[in-house]
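Q: Next up is a structure, given as structure tokens.
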Amino acid sequence: MYDLIGLVGVISYLGAYLGSQLFGLRTSDLRYFVLNLLGPVCILVSLSNHFNLASFVNQCMWFLITLGGWWRASRRRALPAPESGS
């Protein structure tokens, strides 16, 4: 079961990357963030069965970086658009 959950995580990573590279999925799109958060969460669950320190650190950093990117993108969307001087 843990391996299956880990595979869901890998598919999530690959889906986000494939979507951004081939299908125009923007990195500011909520789906991109969801896939990039689901990946490390699933892999961290799978690591609870067979722990690997390097993978654990990698997944934690990926999760935190993705949260930081989501926070930054959400702040950009919340800011009013600059007025153009005509």
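Q: List every residue pair whose Cβ atoms lie under 8 Å apart, where the two residues are 6 or more positions apart in sequence or sit on different chains, the first residue falls within segment 66-79 and is of a type in the set (A, V, I, L, M), and the second residue, located anywhere, is surrounded by 12 or more Cβ atoms within 10 Å (Cβ to Cβ) and assigned to a helix (DSSP H, G or I).
A: L67/L37; A73/F33
Q: Then there's this: Would you check which residues across segment 8-24 are in contact (Cβ under 8 Å) with a residue 12 or more places away in the chain and of a type in the set (A, V, I, L, M, F, W, C) and list them?
A: V8, V10, A16 - these are the residues of segment 8-24 that are in contact (Cβ under 8 Å) with a residue 12 or more places away in the chain and of a type in the set (A, V, I, L, M, F, W, C).
Q: Give segment 9-45 a look and list any residue that's farther than 25 Å from R75 by Cβ and crowded, with 17+ Cβ neighbours inside 10 Å, or say none.
A: Listed by number, the residues that qualify are G9, G15, C42, I43, L44.
Q: Right, something else. Being exposed (fewer than 11 other Cβ atoms within 10 Å of the Cβ) and either part of a helix (DSSP H, G or I) or at pLDDT 95 or above (or both) is the filter here, so list the residues in segment 73-86 that pass it.
A: Across segment 73-86, the qualifying residues are R75, R76, R77, A78.
Q: Restricting to segment 46-69, name every residue that is within 15 Å of Y2 (Cβ to Cβ) and either of a type in the set (G, A, S) or open to solvent by less than 60 Å² (accessible area, probe 1.4 Å) (or both).
A: Result: S46, L47, S48, S55, Q59.
Q: Name every residue in segment 28-48 that is in contact with a helix residue (DSSP H, G or I) (Cβ under 6 Å, 6 or more places away or on another chain) and not hydrophobic (A, V, I, L, M, F, W, C), in order of residue number.
A: Selection gives S28, Y32, N36, G39, P40, S46.
Q: Anything in segment 5-58 that is β-branched (V, I, T) and assigned to a helix (DSSP H, G or I)? List them, or say none. Please lay out each step first, then the result.
A: Of the residues in segment 5-58, the ones β-branched (V, I, T) are 5, 8, 10-11, 27, 34, 41, 43, 45, 57.
Answer for segment 5-58, where residues must be β-branched (V, I, T) and assigned to a helix (DSSP H, G or I): I5, V8, V10, I11, V34, V41, I43, V45, V57.
The values are calculated or read from the model by the stated rules, or taken from the named source; none is laboratory data. Predicted model only: the values in this text are computed from it and were never measured. We place every Cβ from the backbone using ideal geometry, glycine too, and count neighbours over all the protein chains shown. The accessibility values were calculated without ligands, DNA or RNA, using every heavy atom of the protein model including side chains. Shrake-Rupley method; radii C 1.70, N 1.55, O 1.52, S 1.80 Å.
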